[in-house]
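Novice: This structure is in structure tokens; I'll ask about it shortly.
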Amino acid sequence: MKEFVLTADYHTHTKYSDGNGSIEDNVKEAVNKGLNEIGITEHGFNHVKAGVKRSQIPEMRAEINRLQKIYPNIKIYLGVEANLLNLKGELDITEDDIKSLDYIIFGIHKATYGKRIRGSLWFNFRNLFPTSKKYKQKVTDSYIKAMEKYPIKIVVHPNYATKCDVKRLADACAKNDVLFELNGKRIMFDDAEIEALKNSNAKFVLSSDSHYPERVGTIELQKEFIKKYNFPLEKIVNIKISN
Ligand SMILES: [Zn+2]
Ligand SMILES: [Zn+2]
């Protein structure tokens, strides 16, 4: 297999949600690892345990502006890891959020506050249990609706919390110009799904989903996955192939 290095980590957490370090800790580690770009993407506003507060966004932006001057060789972004809230494909972000952030990544998490209590309790409840074929397609529809409704950069850890139709999701990523994430903590695909991903037109992104500064830019799980399944490197957007 060809060797490669990571060039960007677009999905990292800090103390502003459930991470353990500061924004600067993540940036320093990204610089140490030789990355050109790093994104701070806290859990979205409706995440029950760890959602970042809207009132903290200006402070985070100011900090990133300060750090950008100190670390000019790396581009620092402020994003958010938004939550898919329901089967309508609604996310916990507003027009104003979209304007104040550099990009949006999104996925399903186990417990979120919904737009309406009943709907969200049901959605969270369903996501805890193995899903029927029919529900899996509904979930996939809602992922796709979200991609069509919001300017999304990345769909994160597909199949986590609830199963989706991975092939359809990858096709929708290709169509809507959304990157499909191979997550540093959770790669949850069976052999048929991996085959479908290898043959899809989607573009992929490797991210650490780091909650500890030292894990920023860490892609051990993905390296193993890529090697084991001979995953095509040319489909991955944030690596540099070295030979
Ligand atoms: Zn997540
Ligand atoms: Zn995350």
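Novice: Looking only at residues in segment 67-83 that are in a strand (DSSP E or B) and of a type in the set (A, V, I, L, M, F, W, C), which one is nearest to Ala146 (Cα to Cα)?
Specialist: If we take residues in segment 67-83 being in a strand (DSSP E or B) and of a type in the set (A, V, I, L, M, F, W, C), then Ala82 is nearest to Ala146 (Cα to Cα).
Novice: Can you tell which of Glu181, Glu220 is at pLDDT 95 or above and within 14 Å of ligand 1 (Cβ to nearest atom)?
Specialist: Only one candidate passes the filter, namely Glu181.
Novice: Further question: Of all the residues that make up segment 201-234, how many are more than 18 Å from Ile154 (Cβ to Cβ), hydroxyl-bearing (Ser, Thr, Tyr) and within 16 Å of ligand 2 (Cβ to nearest atom)?
Specialist: So the answer is 1.
Novice: Considering each residue of segment 1-17, count those that are within 16 Å of ligand 1 (Cβ to nearest atom) and among the β-branched types (Val, Ile, Thr), and give that number.
Specialist: 2
Novice: If the Cβ limit is 7 Å and pairs must be 6+ apart or interchain, which residue in segment 160-177 that is at positive phi pairs with which residue that is crowded, with 22+ Cβ neighbours inside 10 Å?
Specialist: Short answer, once both residue conditions are applied: Ala161/Ile108; Ala161/His109.
Novice: Where residues in segment 18-28 are surrounded by fewer than 21 Cβ atoms within 10 Å (Cβ to Cβ) and not in a helix (DSSP H, G or I), which of them is nearest to ligand 1 (Cβ to nearest atom)?
Specialist: Of everything passing the filter in segment 18-28, Asp18 is nearest to ligand 1 (Cβ to nearest atom).
Novice: Ile64 is checked against (1) touching a strand residue (DSSP E or B) at 6+ places or on another chain (Cβ under 6 Å); (2) farther than 22 Å from Val155 by Cα; (3) not in a helix (DSSP H, G or I) and fails just one. What number does that condition carry?
Specialist: Among (1) touching a strand residue (DSSP E or B) at 6+ places or on another chain (Cβ under 6 Å); (2) farther than 22 Å from Val155 by Cα; (3) not in a helix (DSSP H, G or I), the lone unmet condition for Ile64 is (3).
The values are calculated or read from the model by the stated rules, or taken from the named source; none is laboratory data. Remember, predicted model here, so these are calculated numbers, not experimental data. Cβ coordinates were reconstructed from backbone atoms using ideal geometry, including for glycine residues, and neighbour counts include every protein chain displayed.
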